[in-house]
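In what follows, a structure is listed as structure tokens, so that the remarks can point back to it.
The values are calculated or read from the model by the stated rules, or taken from the named source; none is laboratory data. On a predicted model such as this, the values are computed, not experimentally measured, just so you know. In this analysis, Cβ positions are derived from the backbone assuming ideal geometry, glycine residues included, and neighbour counts consider all displayed protein chains.
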Amino acid sequence: MVSIPKKVWEGLEAVRRLGAVNMLDRPGVVHWADKLGYLETARWVRENPKCYAEGVFAGFQAES
């Protein structure tokens with residue numbers, strides 16, 4: 001599991017639930033996070049490509 005800030009996790013969940021983009025499509029995830037108003041999520045995904053890729057396969061866990 002990859003631990004990420006709770007707000008980032010919430011944004012990723014919103015994008016995932018939307019179902020408009022494959023979560024492996026990092027630029028698409030950034031686009032939809034921005035469009036849905038999850039700017040912190042979009043920034044985190046842009047700035048942490050390696051952690052994002054790891055989390056897609058291993059899972060994400062919101063930090064408490």
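Structural remarks
- Taking each residue of the range 46-64 that is over 14 Å from residue 8 (Cβ atoms) and looking for partners that are loosely packed, with under 14 Cβ neighbours inside 10 Å and not polar (S, T, N, Q) with beta-carbon atoms closer than 9 Å, six or more apart or interchain, yields 53/24; 58/1.
- Only one of 39, 12, 24 that is within 11 Å of the chain's Cα centre (by Cα), surrounded by fewer than 12 Cβ atoms within 10 Å (Cβ to Cβ) and at pLDDT 95 or above: 24
- Scanning the range 46-61 for residues that are surrounded by 14 or more Cβ atoms within 10 Å (Cβ to Cβ) and not in a helix (DSSP H, G or I) yields 48, 60.
- In the range 25-41, residue nearest to residue 53 (Cα to Cα) [restricted to those that are in contact (Cβ under 8 Å) with a residue 24 or more places away in the chain, in contact with a Gly (Cβ under 9 Å, 6 or more places away or on another chain) and not in a loop (DSSP other than H, G, I, E, B)]: 41
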